[in-house]
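The values are calculated or read from the model by the stated rules, or taken from the named source; none is laboratory data. Keep in mind that this is a model prediction, so the values were computed, not measured. No Cβ is skipped: glycine too gets one built from the backbone with ideal geometry, and neighbour counts run over all protein chains shown. With ligands, DNA and RNA removed, areas are computed over all heavy atoms of the protein, side chains included. Shrake-Rupley method; radii C 1.70, N 1.55, O 1.52, S 1.80 Å.
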Amino acid sequence: MNFQSTNPIDGDVKIVRATCTLDCGGRCPLRLYVKNNRIIRVEGDDAEEPEQLRTCLRCRAYRQMVHHPERLLYPQKRIGAKGTGEFERISWDEAYQILAGELTRVKETYGNEGILLATGGGYLGSLHNGGNAAARLLAQFGGFVTHYGNLSSEGAVWASLTQYGSVMVGNSREDLLNSKMIILWGWDPARMISGTNTMYHLIKAKENGAKIIAIDPRYHDTAATLADKWIPIRPGTDTAVMVAMANVMIKENLHDQAFLDRYTVGFDKFKAYVLGQEDGVDKTPSWAAEISGVDAAAIEDLAREYATTEPVALMDCQGPARSAMGEQYNRCAATLCAMTGNVGRSGGSAGGGLMGIPVGHMFRMSSIPPGKNPFELDGPRVKGTLDIRLRVVKRIHVNKIFDAILRGKAGGSPADIKMAWSMCNNYLNQTGNSNKAAKALHKLEFFCVNELFMTAQARYADLVLPVTSAAERSDLTMPWPSGPYFAFVNRALEPLGECKSDLDIASELAEHLGIKDFNPHTEEEWLKMLVELNPEYQKHIKGYHEFKKDGIHRIKLPKPIVAFQEQIEDPENHPFDTPSGKIEIYSQRVADLNNPLCPPIPKYMSTPEDRNDPLIEQYPLQLLTPHAKNRVHSELYNVEWLREVEAHRAWINPIDADPRGVGDGDEIYVFNDRGKVAIPAWVTERIIPGVICIFEGAWYAPDENGIDRGACANTLTNDAYSDGGAAVMNSSLVQVQRA
Ligand SMILES: Nc1nc2c(c(=O)[nH]1)N[C@H]1C(S)=C(S)[C@@H](COP(=O)(O)OP(=O)(O)OC[C@H]3O[C@@H](n4cnc5c(=O)[nH]c(N)nc54)[C@H](O)[C@@H]3O)O[C@H]1N2
Ligand SMILES: Nc1nc2c(c(=O)[nH]1)N[C@H]1C(S)=C(S)[C@@H](COP(=O)(O)OP(=O)(O)OC[C@H]3O[C@@H](n4cnc5c(=O)[nH]c(N)nc54)[C@H](O)[C@@H]3O)O[C@H]1N2
Ligand SMILES: [Mo]
């Protein structure tokens with residue numbers, strides 16, 4: 001069936017073809033039924049071929065988000081204390097005067113270094129809206145401070161760049177059907193989806209006879225529905241188990257030496273470490289068992305089965321890498337993939353944790369070369385989505401924004417930040433250590449937030465500007481973990497209330513700042529240009545109008561995409577993009593950094609806040625903070641329909657619950673030196689003893705005693721980053737007590 005994007009069905013109902021742009025990275029097709037500027041119904045994909053992209057639970061509640069009674073509909077300025085949420089309505093004109101006035105005051109008093117622009121995942125799906133326009137505007141205003149790195153996948157990005165010189169390390173999902181065995185190593189796509197139809201392909205792979213093994217501290221939804229075996233593991237110890245698997249393979253001569261000789265460098269150094277020739281410690285399965293809690297026999301069996309089954313997709317992801325030394329897990333996984341000859345092979349995988357494919361894919365590129373960040377220096381050139389040269393004055397690691405505000409230059413931060421303008425993020429809630437973030441927001445002289453909702457962070461703003469939802473503007477987007485397709489998000493509604501897009505806000509603010517001709521094009525002209533001037537689109541999309549009408553352009557692949565297939569099939573003409581032209585199991589670039597916490601071969605090491613940290617006496621439980629299925633980070637948390645899907649509770653094993661007198665459903669406190677949250681317990685054997693789990697994204701809401709009644713996971717996490725750049729949210733020790 002082919003709809004017009006504005007095809008009337010009963011006179012005054014139109015059906016608009018759009019695609020969700022939420023930051024889960026999937027892109028579910030949406031057919032929005034609109035009547036009197038309201039979405040009255042949401043339906044999913046109606047394609048019959050090649051397969052339907054099944055619209056997810058979050059998208060099914062799209063209407064609840066767009067028309068939520070708490071949507072911000074007009075500009076507001078703060079009248080109460082920061083954090084209390086007391087605001088009063090003002091006009092757009094007054095709002096622009098305030099913001100332009102503060103930008104000018106801070107620039108004149110402190111220079112452009114005083115201005116922080118924070119953008120984020122909230123509207124990452126967009127090629128047109130989101131933070132781009134504000135960045136362009138502030139560049140014309142003389143420059144700004146912003147952040148580098150991402151909270152998602154910096155460990156995986158570092159590992160993939162080091163090992164392969166590329167972040168496009170994924171095979172397209174249908175290639176899972178060619179696997180004999182699939183290892184979900186810290187990967188739970190039933191919940192975090194990893195692309196709209198990933199579960200569909202995993203189910204088909206299982207029907208096809210693939211054996212599925214899950215390695216995770218939690219018996220998660222994907223394991224519960226698909227896995228033949230669950231191997232529970234202590235957080236932060238995956239690399240030890242992988243190293244021990246390498247040990248078994250080497251000793252039993254199960255590894256693919258011919259592959260290693262032809263395509264890799266440095267295996268000998270890794271081997272010397274694995275066998276203990278480097279440090280006297282033979283990294284046997286019993287060595288790893290002690291660290292990880294996984295049986296030595298299970299490690300041996302897994303190593304043998306992995307090495308003798310062909311092909312195997314070892315799917316490492318990003319959750320375990322969002323930890324201290326997290327990048328080692330992705331690098332070691334990639335090394336196992338090379339040891340078994342699974343790289344560049346259909347049904348195999350390259351590891352590396354990113355899973356992205358280079359077609360119809362919008363990957364959040366990081367500019368971090370191994371271990372070094374160019375933006376720690378002053379960096380005038382940044383490649384943005386539009387390849388616009390931005391005048392960035394300084395960059396701060398995204399997990400250190402609030403720390404930098406508090407410290408200032410005197411305390412070692414790169415800049416003295418005096419004001420911040422934030423859009424598409426809720427970083428108070430989403431970066432490490434929310435209590436510290438709140439302190440930093442108290443310190444700012446001025447804070448402006450563009451938002452749809454009065455989020456935890458917006459409550460600390462001086463000025464809140466209401467933005468349109470994706471339903472109220474047109475845009476282009478692509479899925480980021482898989483595809484392959486391009487999407488045109490057709491505008492379904494006129495802006496609600498007085499909402500404006502981030503682009504319109506920047507354009508109108510430009511006039512108040514005296515910047516002329518900031519936005520000379522209409523939305524339609526922009527979108528047409530973006531399609532027609534972008535080579536990636538032009539490779540696939542011929543007609544702009546047809547694309548717009550269909551809302552989606554699927555790319556028909558003659559065969560599944562397999563990362564690095566060319567490099568493996570024809571290595572002479574297709575070297576890897578590394579200094580050696582090969583897969584770098586040993587990286588000289590990394591060795592040159594001379595940083596023991598960032599070793600040139602993948603290594604397991606003990607880290608702060610793991611089970612060896614003496615802090616464990618006081619805080620004996622490791623905290624995991626994965627992504628919830630019924631929201632996207634903090635987005636959608638206020639949607640009632642989705643709340644009913646799953647209550648926000650802390651997972652705790654009976655072995656930890658019983659001695660603390662904690663029964664199922666009891667209110668508990670989870671705490672450490674950084675903070676304390678109150679949350680109901682879910683007593684379950686689906687999590688291993690010694691570990692508790694609080695999904696990220698619940699809204700930070702401290703009471704007068706500083707207890708976070710919202711139970712935001714980041715009230716408990718650390719705002720540090722690993723030496724490869726990973727945010728360390730999953731390395732936090734806590735204690736639990738009955739409330
Ligand atoms: N403890 C812990 N913390 C984590 C993680 C974890 O695993 N554990 N994961 C991390 C990861 S991977 C990520 S990507 C980050 C995400 O961090 P954030 O990007 O800060 O997360 P969101 O909660 O999605 O916040 C997006 C905000 O943007 C708003 N928004 C949506 N669309 C628009 C728009 O068009 N314009 C504007 N101005 N605003 C808009 C939404 O209302 C929402 O409040 O969280 C990280 N935090
Ligand atoms: N529904 C939904 N989907 C999302 C998002 C969302 O907020 N909601 N966010 C999207 C975004 S921005 C991102 S970056 C991705 C994130 O995707 P991921 O990074 O893959 O997701 P996480 O939920 O952090 O964790 C994945 C799994 O790792 C496990 N894990 C944690 N630590 C360890 C460990 O040390 N070892 C092992 N073996 N396992 C461990 C967790 O128990 C969890 O099952 O998800 C995307 N998809
Ligand atoms: Mo993310």
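A few points about this structure:
- Per-residue SASA entry for ASP592, accessible area with 1.4 Å probe, Å² rounded to 10: 110
- Convex hull volume per residue, computed on the Cα atoms of the stretch 479-621, equals 328 Å³.
- Heavy-atom accessible area order for ILE583, ILE552, largest first, 1.4 Å probe: ILE552, ILE583
- Cross-link pairs exceeding 22 Å in C-alpha to C-alpha distance, out of LYS271/LYS603; LYS516/LYS549; LYS283/LYS603; LYS394/LYS443; LYS14/LYS548; LYS500/LYS542, comprise LYS516/LYS549; LYS500/LYS542.
- Other residues whose C-beta falls under 15 angstrom from the C-beta of LEU615 contribute a net charge of -3, scoring Lys and Arg +1 and Asp and Glu -1.
- All other residues whose Cβ lies under 9 angstrom from that of GLY697 are scored, Lys and Arg at +1 and Asp and Glu at -1, for a net of -1.
- Within the chain, longest stretch clear of exposed GluC sites (Glu not before Pro) (DSSP loop, no more than 12 other Cβ within 10 Å): 87-571
- Inter-label distance for ASP673 and HIS67, nm, one decimal - labels placed 7 Å from Cα along Cα-to-Cβ: 5.1
- Note that the chain presents 36 Å² accessible area per residue, ligands and nucleic acids not counted, probe 1.4 Å.
- Calculated from backbone phi, Karplus (6.51, -1.76, 1.60) coupling profile of the stretch 687-701 in Hz, x at Gly/Pro: 10, 6, x, x, 10, 10, 10, 10, 4, 5, x, 5, 7, 4, 8
- ³J(HN,Hα), Karplus 6.51/-1.76/1.60, whole Hz, each residue of the stretch 652-666, x for Gly, Pro: 8, 6, x, 4, 8, 6, 4, x, 8, x, 9, x, 4, x, 5
- Projected onto their three principal axes, the Cα atoms of the chain cover extents of 73, 58, 50 Å, largest first.
- Anisotropy class of the stretch 614-738 from Cα gyration tensor, a/c 1.5 cut: rounded
- Spatial separation of Cα centroids for the stretch 393-446 and the stretch 504-581, in angstrom: 32
- Proximal charge balance of THR84 [Cβ under 9 Å; K/R count +1, D/E count -1]: +2
- Relative contact order of the stretch 168-353, pairs being alpha-carbon contacts under 8 Å that are 6 or more residues apart, as %: 29
- Available extension along the chain between ILE555 and SER580 is 5.6 nm, counting 0.36 nm per residue and deducting the alpha carbon span.
- Ranked from largest to smallest solvent-accessible area, with a 1.4 Å probe on the protein heavy atoms, VAL489, VAL42 come out as VAL42, VAL489.
- Under the shape rule built on the C-alpha gyration tensor, where the axes satisfy a ≥ b ≥ c, the stretch 261-324 is rounded, since a/c falls short of 1.5.
- Segment ASN208-ARG660, length gained on full extension (0.36 nm per residue, minus Cα span): 158.2 nm
- Label-point gap, in nm, between ARG262 and HIS521 - each point 7 angstrom along Cα→Cβ: 4.6
- Nearest-ten-degree value, helix 327-339 long axis tilted from longest Cα axis of the chain: 50
- Counting only protein heavy atoms and using a 1.4 Å probe, the accessible area of ILE291 comes to about 40 Å².
- Calculated from backbone phi, Karplus (6.51, -1.76, 1.60) coupling profile of the stretch 487-495 in Hz, x at Gly/Pro: 10, 10, 8, 7, 5, 9, 10, 6, x
- Rounded tilt (10° steps) of 523-533 against the dominant C-alpha axis of the chain: 40
- Gyration tensor (alpha-carbon) shape descriptor, the stretch 386-528, a/c threshold 1.5: prolate
- In this structure the amide hydrogen of ILE687, modeled in the peptide plane, comes within under 5 Å of the amide hydrogens of TYR219, none closer than 5 places in sequence on its chain.
- Across the stretch 614-738, Cα pairs under 8 Å and at least six residues apart give a relative contact order of 34 percent.
- Relative to the longest principal axis of the Cα atoms of the chain, the long axis of helix 434-443 makes an angle of roughly 40 degrees.
- Database remark: amide H of THR19 closer than 5 angstrom to the amide H of LEU30, ASN490 (H placed geometrically; neighbours at sequence offset of 5 or more, or on other chains; Pro and chain starts carry no H).
- Calculated on C-alpha atoms, the gyration radius of the stretch 63-205 divided by its Kirkwood radius gives an Rg/Rh of 1.10.
- In the complete set of protein chains, residue-level accessible area for THR455 is approximately 10 Å², probe 1.4 angstrom.
- Orientation-averaged projected area, Cα convex hull of the stretch 168-353 (nm²): 9.6
- Trypsin sites (Lys or Arg not before Pro) restricted to DSSP loop in the stretch 618-658 with at most 14 other C-beta within 10 Å: none
- Mean separation of Cα contacts under 8 Å (6+ apart) over length of the chain, as relative contact order %: 20
- Looking at the stretch 527-600, the trypsin sites (Lys or Arg not before Pro) that sit in a DSSP loop and have at most 15 other Cβ atoms within 10 Å of their own Cβ are LYS542, LYS556.
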